[in-house]
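Inspection log for the structure reproduced underneath, given as structure tokens.
The values are calculated or read from the model by the stated rules, or taken from the named source; none is laboratory data. Everything numeric in this text was worked out from a predicted model, so none of it was measured. Every residue, glycine among them, receives a Cβ derived from its backbone with ideal geometry; neighbour counts consider all protein chains shown. Just so you know, the surface numbers come from the protein's heavy atoms only, side chains and all, with ligands and any DNA or RNA stripped out. Shrake-Rupley method; radii C 1.70, N 1.55, O 1.52, S 1.80 Å.
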Amino acid sequence: MSTNGEADHPIVIAGAGIGGLAAALALRAQGHEIIVMDKARALEEVGAGLQLSPNACAVLAKLGVLDELAPFAYAPDNLRIWSGTTGRQLATVRMGTFLKDRHGQPFWQIHRADLQRVLRNKAEATEGISLRLSSEVVDLTATPYDHLTCIYQDAEVTGNEGCKALIGADGVWSRVRRLVPGHRNAHFSGQVAYRTTVPIDTVPTRWAGDAGLWLHQKTHLVHYPLRGGRELNIVALAEEAWQDETWSAKADQETLLKLFRDWPTEVRNLLRSSDNWLKWALCSVHASGPWSHGHIALIGDAAHAMLPFMAQGAAMAIEDAAILARHLPKGTDNIPAALRAYERHRKSRVSRVQNISFGNARTFHYSGALAFARDTVMKLSKPTSLATRFDDIYGWTPEQ
Ligand SMILES: Cc1cc2nc3c(=O)[nH]c(=O)nc-3n(C[C@H](O)[C@H](O)[C@H](O)COP(=O)(O)OP(=O)(O)OC[C@H]3O[C@@H](n4cnc5c(N)ncnc54)[C@H](O)[C@@H]3O)c2cc1C
């Protein structure tokens, strides 16, 4: 597939999720006309908490949305790690001002819907970006002219849009990925995440403030405040065979309590604090697969969906957006080469982060001697050394 120059055709981005909207802003800043299509009829408040580490905030600052996000974010002073077996604390990881001073940007926890809304508002207020909902991108074809055609489905109608490149930001079950020969499919991890948010004043005060990570065999729990500390995000993870391609399957509190039956009473009481649980099956897409083909490039979960055990899924999608735009200045005449360069630039970093998340998927659920060894190492670790272990991840900036 080839085109003669970029003419004045837009770049089409499939997906108005976190990566797609960030890419729209970053590519627009390079001077391109942008069309973002999303198959959803409305961008509804689905989802729960996401973590925005300093590396993600460095990009969001450049995109000019950090101030708008601040009222919805929460920056805990510490992450406390607990044993779900004994109920005792194993370690503290310094966060808050320690990480902000170290990396120059905050470490925030935020509701996905707040992040998406702020990015969307900015995109809609930016001339040269247009957002089309109910538009599922299905194909990209060559034309006899100097551009390509992106094919999309809008209800029963099939539409065409001339473009110079297609960016697949369409998430873990990406359709655009299928257009990339040799692509890797989404792989179910055997773990399911149950999630909810509750008003913080409806739970005992011990759950407010610091973020928490509780470890147990075959299950673990993550909780942290968001929305300026007004709500508590709770994610309970368990090994389970259920899987479906959705972010919001209704989940049953009784089933969850059965999975957490041998946990401390205070944690089980926390799980009882909401009867509005949703669940999603944790899937990954191995980052080693191809992310570009001709005038198509994949970003975010479409390219390399992560298990959430490093809390870097959204951050890596946001980083991709910045680096993709850097490789595609206005006037780029060899777009396929630019997209290949973007892929080369990103692959080793994303693979490293993904491998840490795969490793955590195992160590978080250790039992017996392995759990004992893990817990002993944690107990001996200093709060600051646990926080600086990932300096290369959190200290990244879009200029690197
Ligand atoms: C509804 C929803 C809720 C989520 N909730 C959470 C959560 O609570 N916690 C968490 O850690 N992660 C959640 N995630 C995933 C998280 O947003 C991503 O892991 C991360 O932010 C990377 O984002 P992304 O832009 O690559 O993909 P996503 O944020 O998943 O966005 C993909 C977008 O592409 C759209 N799309 C899919 N196929 C097509 C197509 N063919 N054409 C056009 N558009 C298409 C989808 O509607 C979606 O808006 C959620 C994702 C979604 C879509």
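Descriptive notes on the structure:
- Residue that is farthest from the ligand (Cβ to nearest atom), among those in region 36-59 that are closer than 16 Å to residue 124 by Cα and buried (at least 24 other Cβ atoms within 10 Å of the Cβ): 36
- For region 120-151, filtering for residues that are of a type in the set (Gly, Ala, Ser) and farther than 18 Å from residue 9 by Cα leaves 4.
- Tally, over region 91-127, of residues that are away from the ligand (no atom under 16 Å from the Cβ) and either among the hydrophobic types (A, V, I, L, M, F, W, C) or not in a strand (DSSP E or B) (or both): 17
- Some residue of region 137-148 being more than 11 Å from the ligand (Cβ to nearest atom), out of contact with any helix residue (DSSP H, G or I) (no Cβ under 9 Å at 6 or more places or on another chain) and of a type in the set (Phe, Trp, Tyr): yes
- Only one of the numbered conditions (1) part of a helix (DSSP H, G or I); (2) surrounded by 14 or more Cβ atoms within 10 Å (Cβ to Cβ); (3) modelled with pLDDT under 95 is not met by residue 206, and that is (2).
- Annotation note: of 130, 134, the sole residue that is open to solvent by less than 60 Å² (accessible area, probe 1.4 Å), polar (S, T, N, Q) and assigned to a loop (DSSP other than H, G, I, E, B) is 134.
- Residues of region 295-339 satisfying the condition of being more than 16 Å from the ligand (Cβ to nearest atom), in contact (Cβ under 8 Å) with a residue 24 or more places away in the chain, touching a helix residue (DSSP H, G or I) at 6+ places or on another chain (Cβ under 9 Å) and open to solvent by 30 Å² or more (accessible area, probe 1.4 Å): 326, 329
- Taking region 1-86 as the region of interest, the strands (runs of 3 or more DSSP E) fully inside it that hold 1 or more residues being closer than 24 Å to residue 392 by Cβ are 49-52, 78-83.
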